[in-house]
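**Q** Quick one: structure below, then a few questions.
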Amino acid sequence: MVKYDTVLIRYGELSTKGKNRRDFITRLFTNIKYMLRDYPALTYRKTYDRIYIKLTDEDPEEIETKLKKVFGISSFSFTEKVNSNLEDIKQACVRIAKESDKKTFKMITKRHDKSFPLKSDGVNRDVAGEILRNTNLKVDVHDPELAIRVEIHSNETYITSSKISGAGGYPAGINGKVLLMLSGGIDSPVAAYQLMKRGLHVEAVHFASPPYTSENAKNKVLELASQVSEYQGHMKVHVVNFTQLQLEIYKHAGDPYAVTLMRRMMFRLADMISKKYGCLAIGTGESVGQVASQTLESINCINTVTNMPILRPLVCYDKIEIIDLARKIGTYETSILPFEDCCTIFDPKNPVTKPSVDKSVYYESKFDYETLLQQAVDTLETVNVQAVKEEDFL
């Protein structure tokens, strides 16, 4: 049997980063080692366009599952390492071909060591000929069932018949820090995942309204944070007591403008917290037209309270697409647990869909919201959430 003893990791968009390439690779290398921190026997080596992980007796399926969650990886392969001579390469490739149940194959060679006596095409022809003489496989260069990849270096050659897609994107944290509005719903954890995929480190703010919202609702949000934090290692969640602001809004504005004013207050708070903790943008799970506060008119009215960039990675997703991605990243089942957040507890019957800034300012002038905002920031609770295993919540 082929003994795959090395994981070969290929970069994705990092190849376009020019002078910043080294920083991106260093961050990716750090993130990979963190993701595989439970496997201390692994050894690592990085080059200009590859990272190599030397395996001992680790379970390849476990390693594969972990690496699929590391942003910045284009693809990776479990490989067999042999000496860089043609005979050893032939023997390994023939062995892989014999152990396969496929009917067609193709050779793909990349010659990193230009001093190797044969060019890539020459290696492909020689090895393919050996496979044809020793197996019943046929060559199919357009749509092969089996693709055998050979990467030749000066001292060793890596051979594989697998190419596993990675998560893509940029290494989490390389592009700065964003503060995400994290509710207990389906959308915002998916938004966190998408922001991390673009190389952002996500902190979260959650708005709680005790005693109208329960401790279970808060714990549900922390569980969602723990689930998505695996993609970046950990996540700070800033829990804001939003009760007094909500009560004042309903006292002075009433039903139609309640959601608009709540969102304006939330964005003001997010602005203040972002500046306090060094976040460069605010993130949300909003999708255009999904609810009353997500019409273009509402978004425009709400945005006027802050000059911070607002990142909405789900802006053009429909609900089915968001649910599918939530299932993929494992947050969906937690998101649908029946613990209501502050927005659903105070859900208005007839929310305005085309609010005006002037009318919003008029309602806001009726109470001292600035003092309440500062009190909310001064009394927030910050929880540093680590990625945890599912059984820890049972």
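**Q** Note down the accessible area of I323, probe 1.4 Å, to the nearest 10 Å².
**A** 30 Å²
**Q** At what distance in angstrom do the alpha carbon centres of region 63-118 and region 120-154 lie from each other?
**A** First find each Cα centre; the distance between them is then 11 Å.
**Q** How do F116, F29 stack up against each other in accessible area, from largest to smallest, with a 1.4 angstrom probe? Please list the in-between numbers first.
**A** Working: F116 15, F29 35 Å².
Heavy-atom accessible area, descending, gives F29, F116.
**Q** Where Rh is the Kirkwood radius over the Cα pairs of the chain, the temperature 25 °C and the viscosity 0.890 mPa s, what D in µm²/s does Stokes-Einstein return? Don't skip to the end; give the middle numbers.
**A** Details: Rh = 23.8 Å.
It diffuses with D of about 103 µm²/s by this estimate.
**Q** Based on Cβ point charges of +1 for Lys and Arg and -1 for Asp and Glu, what charge dipole magnitude is obtained for the chain about its Cα centre, in debye rounded to the nearest 20? Don't jump to the answer; show the numbers that get you there.
**A** Working: 53 positive and 51 negative charges, 330 e Å.
Roughly 1580 debye for the chain.
**Q** Another question about this same structure. What number does region 6-165 give for Rg over Rh if you use C-alpha atoms and the Kirkwood radius? Show your work: numbers first, answer last.
**A** Working: Rg = 16.5 Å, Rh = 16.7 Å.
Looking at region 6-165, the ratio lands at 0.99.
**Q** Considering the chain as a Gaussian network with a 10 Å cut-off on Cα pairs, which listed residue, E381, E99, E370, attains the greatest mean-square fluctuation?
**A** For the chain, modelled as a Gaussian network with Cα springs under 10 Å, the answer is E99.
**Q** Which order do you get for E223, E333, E151, E62 if you rank them by accessible area with a 1.4 Å probe, largest at the top? Kindly include the intermediate steps, with their values, before the conclusion.
**A** On the way: E223 40, E333 115, E151 15, E62 85 Å².
Ranked list, largest accessible area first: E333, E62, E223, E151.
**Q** What are the lysines whose alpha-carbon lies under 20 Å from the alpha-carbon of K114, with same-chain residues fewer than 8 places away excluded?
**A** By straight Cα distance, K114 reaches K46, K81, K90.
**Q** Using a 1.4 angstrom probe, figure out how much accessible area the chain has per residue, in square angstrom, rounded to the nearest whole.
**A** Values: 18690 Å² over 394 residues.
Roughly 47 Å² per residue, with all protein chains present.
**Q** Further question: Carbon and sulfur together cover what percent of the accessible area of the chain at a 1.4 Å probe radius? Show your work: numbers first, answer last.
**A** Numbers: 9220 of 18690 Å².
Carbon and sulfur together cover 49 percent of it.
**Q** Moving to a separate point now. Starting from one equal scatterer on each C-alpha and no solvent at all, send me the Debye-based log10 I(q)/I(0) for region 177-386 at q = 0.07, 0.18, 0.19 Å⁻¹, two decimals.
**A** -0.18, -1.39, -1.57
**Q** Which sequence of E145, E61 reflects their accessible areas, 1.4 Å probe, from the largest down? Numbers along the way, then the final one.
**A** Values: E145 100, E61 135 Å².
Order by accessible area, largest first: E61, E145.
**Q** Please list 3J(HN,Hα) in residue order for region 77-90, calculated via the Karplus relation 6.51 cos²θ - 1.76 cosθ + 1.60 where θ = phi - 60°; whole Hz, with x for glycine and proline.
**A** 9, 8, 10, 9, 9, 10, 5, 7, 9, 4, 5, 5, 5, 4
**Q** On to the next question. At 1.4 Å probe size, with no ligands or nucleic acids counted, give the accessible surface of K119 in Å², nearest ten.
**A** Estimated to the nearest 10 Å², K119 gives 150 Å².
**Q** Next question, about the same structure. Order these peptides, 179-187, 308-316, 234-242, 134-142, by their mean beta-carbon neighbour count within 10 angstrom, highest first. Please list the in-between numbers first.
**A** Details: 179-187: 25.1, 308-316: 17.6, 234-242: 21.0, 134-142: 13.2.
Put in order of decreasing packing, that is 179-187, 234-242, 308-316, 134-142.
**Q** Right, another one. Count the net charge of all other residues whose Cβ sits under 14 Å from the Cβ of K319, scoring Lys and Arg as +1 and Asp and Glu as -1.
**A** Spelling it out: positives minus negatives among the neighbours equals -4.
**Q** Continuing with this model, one more query. Could you tell me the accessible area of E321 in Å² (1.4 Å probe, neighbours in place), rounded to the nearest ten?
**A** 90 Å²
The values are calculated or read from the model by the stated rules, or taken from the named source; none is laboratory data. The model shown is predicted, which means the values in this text are computed figures rather than measured ones. Counting neighbours? That spans all protein chains shown, and the Cβs are built from the backbone with ideal geometry, glycine included. Side chains included, ligands, DNA and RNA excluded: accessible areas come from the protein's heavy atoms. Shrake-Rupley method; radii C 1.70, N 1.55, O 1.52, S 1.80 Å.
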